[in-house]
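Let me begin by presenting the structure, written as structure tokens, before commenting on it.
The values are calculated or read from the model by the stated rules, or taken from the named source; none is laboratory data. None of the values given here were measured: they were computed from a predicted structure. Cβ sites come from the backbone with ideal geometry, for glycine too, and all protein chains shown count toward neighbours. To get the accessible areas, we keep the full protein, side chains included, count just its heavy atoms, and leave off ligands, DNA and RNA. Shrake-Rupley method; radii C 1.70, N 1.55, O 1.52, S 1.80 Å.
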Amino acid sequence: LEGKLPIRKYCPITPEDKLRAEIIERLMCYFQVDIRACCDKHGFDPSFFALELERLKTYEAFGFLDIADSFITLKPEARLMARNVCAVFDTYLR
């Protein structure tokens, strides 16, 4: 197969996938992420995640996380909610 894994043919990883993966990784591992810094690193405008940030307002209202500018921090008592918060950024779960 030309020295390539067959999955590459059918599931190419896009720049957006890489950006979303970094955001999810930072939330799962460090329980915080700077959306603007990640977007800058990957060449995206931070407004790209306006819908996701709007969806996170519900979690913020319940006290699970704080959103300050483009910085998201999960509260220690809500770390078990990390997967639910990350799901907001997962394109393939929609």
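For every residue, the table says whether it meets (1) open to solvent by less than 80 Å² (accessible area, probe 1.4 Å); (2) more than 14 Å from Y92 (Cβ to Cβ); (3) in contact with a Leu (Cβ under 9 Å, 6 or more places away or on another chain); (4) part of a helix (DSSP H, G or I).
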residue	(1), (2), (3), (4)
I13	no, no, no, no
D17	yes, no, no, yes
A21	yes, no, no, yes
I24	yes, no, no, yes
L27	yes, yes, yes, yes
V33	yes, yes, yes, no
C38	yes, yes, yes, yes
K41	no, yes, yes, yes
F44	yes, yes, yes, no
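Within the stretch 7-15, one or more residues are over 20 Å from R79 (Cβ atoms), out of contact with any Asp or Glu (no Cβ under 8 Å at 6 or more places or on another chain) and at pLDDT 95 or above.
Might you check whether a residue that is in contact (Cβ under 8 Å) with a residue 12 or more places away in the chain, within 12 Å of the chain's Cα centre (by Cα) and loosely packed, with under 14 Cβ neighbours inside 10 Å occurs anywhere in the stretch 61-71? The answer is yes, given that some residue of the stretch 61-71 is in contact (Cβ under 8 Å) with a residue 12 or more places away in the chain, within 12 Å of the chain's Cα centre (by Cα) and loosely packed, with under 14 Cβ neighbours inside 10 Å. Counting only residues that are surrounded by 14 or more Cβ atoms within 10 Å (Cβ to Cβ) and under 13 Å from the mean Cα position of the chain (by Cα), the stretch 72-86 holds 6 of them. Residues in the stretch 46-74 that are hydrophobic (A, V, I, L, M, F, W, C) and not in a helix (DSSP H, G or I): F62, F64, L65, I67, A68, F71, I72, L74.
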